[in-house]
1. Restricting the search to the stretch 60-119, which residues are in contact (Cβ under 8 Å) with a residue 24 or more places away in the chain and at positive phi?
2. Could you run through the stretch 320-341 and say how many residues are in a strand (DSSP E or B) and hydroxyl-bearing (S, T, Y)?
3. Among the listed residues G204, G208, which satisfies the condition of being closer than 20 Å to L5 by Cβ, touching a strand residue (DSSP E or B) at 6+ places or on another chain (Cβ under 8 Å) and at pLDDT below 95?
4. Just to be sure before I move on: is P92 at pLDDT 95 or above, over 17 Å from the mean Cα position of the chain (by Cα), not in a helix (DSSP H, G or I) and not hydrophobic (A, V, I, L, M, F, W, C) in the structure I sent?
5. Go through the stretch 202-224 and give me each residue that's open to solvent by 40 Å² or more (accessible area, probe 1.4 Å) and in a helix (DSSP H, G or I).
6. Mind checking whether some residue in the stretch 273-286 is out of contact with any strand residue (DSSP E or B) (no Cβ under 6 Å at 6 or more places or on another chain) and either surrounded by fewer than 18 Cβ atoms within 10 Å (Cβ to Cβ) or part of a strand (DSSP E or B) (or both)?
7. Give me the residue from the stretch 202-213 that is more than 16 Å from the chain's Cα centre (by Cα) and on the phi > 0 side of the Ramachandran plot and, out of that set, farthest from ligand 1 (Cβ to nearest atom).
8. Starting from residues that are hydroxyl-bearing (S, T, Y) and buried (at least 16 other Cβ atoms within 10 Å of the Cβ), keep the ones in the stretch 169-201 and report whichever is nearest to ligand 1 (Cβ to nearest atom).
Amino acid sequence: MRVLLVGSGGREHALAWKLAQSPSLSDLHAAPGSPGIAELCECHPIRAEDGEALLGLAGSLNVDLVVIGPEAPLVAGVADVLRHAGISVFGPSAAAARLEGSKSFAKEVMSAAEVPAAISLAVARPPCVVKADGLAAGKGVFVCRSQPELDDALRRVNALGGGMVVEELLEGPEVSVFALCDGSEALALVPAQDFKRAYDGDAGPNTGGMGSYAPVPGLEEAEIEGILGTVHRPVLAELQRRGAPFVGLLYAGLMLTADGPRVLEFNCRFGDPEAQSVLPLLAGDLVEALGAASVGELSGAHIGWRDGAAVTVVIASAGYPDSGDQGSAISGVDAATANGALVFHSGTAQHGGQLVTNGGRVLGVTGLGETILRAREAAYTAAEQIAFEGAWCRRDVALAAAEASR
Ligand code: AMP
Ligand code: GLY
């Protein structure tokens, strides 16, 4: 199969890396790609949101499948533009991507599908959680335990414009459960945990994610199947009933409360950095699986997983999450990969042969090992090798899980 991958982040680098290993791949292209993806395939300078230009590219390359990585082009309808022209796409239509693009739409679908979710509150009073209604790159959610926190959250969400939702504050461990979907069927991937807060000990503001690990101990296949049965499949049925079948990756962000799993959010694409932990554990053929989903033939499909665990540590630039950094020289990537760790580019650029920073989250370093403890050691040992002005990372990614598994 000839595949075009759309996007340029760490998630897309991890996708490109795994797609490139698929036995059923014949040719891989990316748009716009990144310096990391360019080591794996040809990159074309077309923006991920430019549906018409991507359509032209897909046609001229005669691709069999387009895989859309990020949420922005999905919410903007790029999958629709391609599908209308008869091209197979892994990624939902704009109508189905509203599950991520609008928190209020997601609430409405969950309520119709009777999915267990955080309850919406009519009045904002602490403790509660305030969420901007539209896309905010993981930075539009405010957990408010006190009135000053709530006042600050309301100010910030109002400044974003576009409405908000307020919901009950839930407690418990969080887990990201991904499923490949073909409109009616869902196939689970190994569960992952994300580290959303900026600083150690889950302090500081929410970010796009500062690290992740997979699989999550205690969530065995039976529990995951249970979650697919109460969350993913009812949502697929409800979207299909509304004439907006979901084809792509349905990501449920769940909190495992004392009363059972509750949905915090849906995303319409792989999580980032979770994809950087999940995809390296996949043993099967990713092109075949995404291709089957894109044509509604997931029924009976199976994906294999390798034993062991993966831990991903995000290396961010000094100003993240408020701002990014551009043009600082990056060193140590080759040294970091020398012992088998993977380095995925999230925000980098190439300047005259020198790899430089180009964003807030700059690199993701994934370590693999027989246990979370070993994978974590591999990730941090590799991350130590990487240097650029202002580089930092959380030091406690997967720490609790590693200690628990000791
Ligand atoms: P979201 O983008 O909706 O997943 O929210 C980002 C993060 O905010 C989540 O990963 C949680 O850590 C936190 N969060 C969201 N909703 C709630 C909630 N109802 N109760 C507690 N924490 C929440
Ligand atoms: N890491 C969280 C997300 O991708 O939304």
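1. Those that are in contact (Cβ under 8 Å) with a residue 24 or more places away in the chain and at positive phi: N62, G77, G91, E114.
2. Matching residues across the stretch 320-341 total 2.
3. Exactly one residue qualifies, and that residue is G208.
4. For P92, the condition - at pLDDT 95 or above, over 17 Å from the mean Cα position of the chain (by Cα), not in a helix (DSSP H, G or I) and not hydrophobic (A, V, I, L, M, F, W, C) - is not met.
5. If the condition is that a residue be open to solvent by 40 Å² or more (accessible area, probe 1.4 Å) and in a helix (DSSP H, G or I), then D202, E221, A222, E223 are the ones that fit.
6. Yes.
7. Residues of the stretch 202-213 that are more than 16 Å from the chain's Cα centre (by Cα), as a first pass: 202-205.
Adding the requirement that they be on the phi > 0 side of the Ramachandran plot leaves 202, 204.
Values: D202: 8, G204: 12 Å.
Across the stretch 202-213, the extreme among qualifying residues is G204.
8. S176
The values are calculated or read from the model by the stated rules, or taken from the named source; none is laboratory data. Because the structure is predicted, anything quoted here is derived from the model rather than measured. Glycine gets a Cβ as well: all are built from the backbone with ideal geometry, and neighbour counts include every protein chain shown. Areas reflect the complete protein model, heavy atoms only, side chains present, ligands, DNA and RNA absent. Shrake-Rupley method; radii C 1.70, N 1.55, O 1.52, S 1.80 Å.
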